[in-house]
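Student: I have a structure here, written as structure tokens, and I will follow up with some questions on it.
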Amino acid sequence: MARHAWLVYEGIILRNVYADLHIHIGSAGGRAVKITASRKMDLHAVLYEAAPRKGLDMVGIVDAGSTLVSAEIEDMLKTGELREHPRGGMMARNGVLLIPACEVESREGVHLIIYLPYLHSIKSYQKYMRSRIKNRALSTQKARVSVAELINLSFVLEGIFCPAHAFTPHKGVYGIWTRRLADKLGRDAGQIRALELGLSADTNMADMIGETRNYTFLSNSDAHSAGNIGREYNLLRMADKNFEEFRYCLENSQGRRVLANYGMDPLLGKYHRSYCTRCSTISSDEPPALSCSNCGNEKVVMGVYDRIIEIRDRQEAQHPVGRPPYKYRVPLKDLPGVGPKLQEKLLSFFFDEINILEKASIDDIERVAGEKVAAQIARMRVGRLAINPGGGGKYGRVKKE
């Protein structure tokens, strides 16, 4: 993966790194880890097959707190399939960096991620959780621990704390818990450096809430299957691939930073607008839609966009200086006209998906895939494709021409 741009900062060469930092493992040691994830998703498959196919240099596996996954990590370290970096993180033989992480559900019912640097950090996390969760083998367990306690735990373990899919009605901190993190957490909110946008929000939506200016945004896939790895990703500028460099990126320190967030158009998200569970209507009313205008149901599932409009303190987004751009992307498999055979043909010519989406010449893509597919990719690189919106737990789709 030596195709990256580079920059010299105070005598240090910085290079570009593509990262998806929220990926789930389906199984380890022949046993289920994330029940809703594909059983084909094991650690080896992510590191040695899915990540290179996508073009990712760095992946965050958020099930490292599972005793099954940590045992697999330990085995791979012993066999040399992984090597622990002195500055944190674990390097696979093919150059993909693993950032181990633990996604957990707090006492408040929200999902949070703690990124950890070393194997001993994982074991310390597991020791802390031993009496606080029911099944240590499974992922994303509900813990008898508060958000504030998890922030402090991440600090003690020299980890990085990040609210997961922060705006969704499915366990997001803003989606179901609070209008402002500072209201609930006080000074502890100041320890948070990163915020995960999730699949139904973008930078323009998130920056309508003033306090988010304190956080670096991450756009991650939350993949439960190999095909969804890298459907959202980040471009980082780092001197080397390791945990400390990742921390510098989130702190915008020493020239390291997040250069761009690449993510799905919020209209594609399955929670974008409010949804009525009684009559299955996705709201088209002026947001925020707090009830169903079709049947009168007052217990709708609030959409991400509706929730942000409800709790915002700015009429329009106000981006802090240096906020990375959010670039709308759609995975190859979700582009109209790109079936499995054409996808494989494109990958055989251009090596990985990020290279196709971001770098390959449009003329070259047209020679392989035809004018329509090339035109879609060209439009996507500079703007937004036309979308049939999602909602009610179903993803939207790119409109066919």
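Student: Could you say whether any residue in the range 193-204 is buried (at least 19 other Cβ atoms within 10 Å of the Cβ), under 13 Å from the mean Cα position of the chain (by Cα), under 21 Å from ALA317 (Cα atoms) and without any contact (Cβ under 8 Å) to a residue 60 or more places away in the chain? Spell out the reasoning first.
Tutor: Filtering the range 193-204 for residues buried (at least 19 other Cβ atoms within 10 Å of the Cβ) gives 194-203.
With the extra rule that they be under 13 Å from the mean Cα position of the chain (by Cα), the set shrinks to 194-202.
Within this subset, residues satisfying the condition of being under 21 Å from ALA317 (Cα atoms) are 194-202.
Those left that are additionally without any contact (Cβ under 8 Å) to a residue 60 or more places away in the chain: 194-195.
Within the range 193-204, one or more residues are buried (at least 19 other Cβ atoms within 10 Å of the Cβ), under 13 Å from the mean Cα position of the chain (by Cα), under 21 Å from ALA317 (Cα atoms) and without any contact (Cβ under 8 Å) to a residue 60 or more places away in the chain.
Student: Go through the range 42-86 and give me each residue that's surrounded by 14 or more Cβ atoms within 10 Å (Cβ to Cβ) and in a loop (DSSP other than H, G, I, E, B).
Tutor: Correct list: ASP42, GLY55, LEU56, ASP57, VAL62, ALA64, GLY65, SER66, GLU81, HIS85.
Student: Here is a further query. In the range 310-356, what count of residues is obtained for those that are assigned to a helix (DSSP H, G or I), in contact (Cβ under 8 Å) with a residue 40 or more places away in the chain and aliphatic (A, V, I, L, M)?
Tutor: 3
Student: Only one residue in ASP42, ASP57 is in contact (Cβ under 8 Å) with a residue 12 or more places away in the chain and under 17 Å from the mean Cα position of the chain (by Cα). Which one?
Tutor: ASP57
Student: Turning to a different aspect of this structure: Looking at (1) surrounded by fewer than 22 Cβ atoms within 10 Å (Cβ to Cβ); (2) modelled with pLDDT of 95 or more, can you tell me which one THR277 breaks?
Tutor: (2)
Listed here are the residues, each with its yes/no results for (1) of a type in the set (A, V, I, L, M, F, W, C); (2) assigned to a helix (DSSP H, G or I).
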site	(1), (2)
SER121	no, yes
TYR125	no, yes
ARG132	no, no
THR140	no, no
VAL145	yes, no
GLU149	no, yes
ASN152	no, yes
PHE155	yes, yes
GLU158	no, no
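Student: Across the range 192-218, which residue is farthest from PHE246 (Cα to Cα) among those that are modelled with pLDDT of 95 or more and polar (S, T, N, Q)?
Tutor: The selected residue is ASN204.
Student: While we're on this one: Exactly one condition in (1) surrounded by fewer than 15 Cβ atoms within 10 Å (Cβ to Cβ); (2) among the basic types (Lys, Arg); (3) out of contact with any strand residue (DSSP E or B) (no Cβ under 7 Å at 6 or more places or on another chain) is not met by LYS399; state its number.
Tutor: (3)
Student: Something else now. Out of (1) farther than 23 Å from ALA206 by Cβ; (2) without any contact (Cβ under 8 Å) to a residue 24 or more places away in the chain, the odd one out for LYS359 is which?
Tutor: Of (1) farther than 23 Å from ALA206 by Cβ; (2) without any contact (Cβ under 8 Å) to a residue 24 or more places away in the chain, only one is false for LYS359: (2).
Student: Among the candidates PRO287, PRO266, single out the residue that is touching a helix residue (DSSP H, G or I) at 6+ places or on another chain (Cβ under 8 Å) and free of Cβ contacts under 8 Å to residues at least 60 places away in the same chain. Give the steps one after another, and end with the answer.
Tutor: Values: PRO266 fails: free of Cβ contacts under 8 Å to residues at least 60 places away in the same chain.
After ruling out the rest, the residue left standing is PRO287.
Student: Being on the phi < 0 side of the Ramachandran plot and loosely packed, with under 14 Cβ neighbours inside 10 Å is the filter here, so list the residues in the range 5-38 that pass it.
Tutor: Scanning the range 5-38 gives ALA5, TRP6, LEU7, VAL8, TYR9, ILE12, ILE13, ARG31, ILE35, THR36.
Student: Taking the range 28-41, which residues are assigned to a loop (DSSP other than H, G, I, E, B), modelled with pLDDT under 95 and closer than 17 Å to GLU103 by Cα?
Tutor: Passing the criteria: LYS34, ILE35, THR36, ALA37, MET41.
Student: Next up: What number of residues in the range 355-376 are within 19 Å of MET264 (Cβ to Cβ) and touching a helix residue (DSSP H, G or I) at 6+ places or on another chain (Cβ under 6 Å)?
Tutor: 1
The values are calculated or read from the model by the stated rules, or taken from the named source; none is laboratory data. From a predicted model like this one, the values you see are computed outputs, not experimental measurements. Counting neighbours? That spans all protein chains shown, and the Cβs are built from the backbone with ideal geometry, glycine included.
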